[in-house]
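Note sheet for the following structure.
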Amino acid sequence: MSQQKNIDMLKETLISEFLYEAENTRKLLNAIPDSVLEWKPSEKNWTTAQLASHIAGIYNWYGPVVNLDVFNLDNYRYDRGDLSKAANIVAKFEENLVVAKKALESLDVSKIMDNWSMTKGGHEIIPPTPRAAIIRNVLFNHIYHHRGELIIYLRCNGKTPPGLYGPTAEGTR
């Protein structure tokens, strides 16, 4: 198989996983009741609303990852919106999801292995790394990590999380 065919398949695979996992993110965010938004496991942790908002916000990073070679956080502005209602966080996720999907679909496969980096205050936060690895690690895996935390937040509050990959320990799908 040619290298170009492999790269085209990589893009198709990334989009397929993105779409599948976006549904899981949607299910999880929709499972958050307003009553737990201010809860946090300790003083140093985010509240449930802040964590859920961060998950929704990661979808806003797809454009800079796809379209820039260096993402300078000094120039990045993101409005989390009103975190007082879970529905607002879900709406922000849905808004960001549309932009993320378009960005991923517009990914120039000839640049998928080009280096990408993140800076802040003149310092490299993420060193030059192939864009494909950034999509997997900084975008996809980052979301999955925080979704796991959010599931724990829900369970700590006596709420049953949705099953993302089959039934949960509580037996829900």
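The values are calculated or read from the model by the stated rules, or taken from the named source; none is laboratory data. The model shown is predicted, which means the values in this text are computed figures rather than measured ones. Backbone-built Cβ (ideal geometry, glycine too); neighbour counts: all protein chains shown.
Right, L19: crowded, with 17+ Cβ neighbours inside 10 Å, over 20 Å from K120 (Cβ atoms) and out of contact with any His (no Cβ under 8 Å at 6 or more places or on another chain) or not?
Numbers: crowded, with 17+ Cβ neighbours inside 10 Å: no; over 20 Å from K120 (Cβ atoms): yes; out of contact with any His (no Cβ under 8 Å at 6 or more places or on another chain): yes.
So L19 does not fit the description; no.
So which residues in the stretch 11-35 are under 16 Å from A91 (Cβ atoms), in a helix (DSSP H, G or I) and either modelled with pLDDT under 95 or of a type in the set (A, V, I, L, M) (or both)?
Of everything in the stretch 11-35, those that are under 16 Å from A91 (Cβ atoms), in a helix (DSSP H, G or I) and either modelled with pLDDT under 95 or of a type in the set (A, V, I, L, M) (or both) turn out to be A22, L28, L29.
Could you check I152 against (1) part of a loop (DSSP other than H, G, I, E, B); (2) at pLDDT 95 or above; (3) of a type in the set (A, V, I, L, M) and say which number it fails?
Only one criterion is unmet by I152, namely (1).
Please work out which residue is farthest from V109 (Cα to Cα), limiting yourself to the stretch 121-155 and to residues that are of a type in the set (D, E, K, R) and under 12 Å from the mean Cα position of the chain (by Cα).
Taking the stretch 121-155 first, the residues of a type in the set (D, E, K, R) are 124, 131, 136, 147, 149, 155.
From the residues that got through so far, the ones that are under 12 Å from the mean Cα position of the chain (by Cα) too are 136, 147.
Values: R136: 15, R147: 28 Å.
So the residue we want is R147.
Can you pull out the residues in the stretch 123-143 that are more than 19 Å from E21 (Cα to Cα) and not hydroxyl-bearing (S, T, Y)?
The initial filter retains those residues of the stretch 123-143 that are more than 19 Å from E21 (Cα to Cα), namely 123-131.
Those that are more than 19 Å from E21 (Cα to Cα) and not hydroxyl-bearing (S, T, Y): H123, E124, I125, I126, P127, P128, P130, R131.
Test each condition in (1) surrounded by fewer than 16 Cβ atoms within 10 Å (Cβ to Cβ); (2) closer than 24 Å to G121 by Cα; (3) within 15 Å of the chain's Cα centre (by Cα) for P64 and report the one that comes out false.
It fails just one condition, (1).
On the given criteria, is E38 assigned to a loop (DSSP other than H, G, I, E, B), under 23 Å from A91 (Cβ atoms) and without any contact (Cβ under 8 Å) to a residue 24 or more places away in the chain? Explain how you work it out, then say what you get.
Working: assigned to a loop (DSSP other than H, G, I, E, B): yes; under 23 Å from A91 (Cβ atoms): yes; without any contact (Cβ under 8 Å) to a residue 24 or more places away in the chain: yes.
Considered against the rule, which asks whether it is assigned to a loop (DSSP other than H, G, I, E, B), under 23 Å from A91 (Cβ atoms) and without any contact (Cβ under 8 Å) to a residue 24 or more places away in the chain, E38 comes out as yes.
Can you confirm whether G148 is free of Cβ contacts under 8 Å to residues at least 40 places away in the same chain and at positive phi?
Details: free of Cβ contacts under 8 Å to residues at least 40 places away in the same chain: yes; at positive phi: no.
Here the answer is no, as G148 does not meet what is asked.
Given the structure, is G158 under 16 Å from the mean Cα position of the chain (by Cα), under 18 Å from W39 (Cα atoms) and surrounded by fewer than 17 Cβ atoms within 10 Å (Cβ to Cβ)? Steps first, please.
Working: under 16 Å from the mean Cα position of the chain (by Cα): no; under 18 Å from W39 (Cα atoms): yes; surrounded by fewer than 17 Cβ atoms within 10 Å (Cβ to Cβ): yes.
No: the conditions fail for G158.
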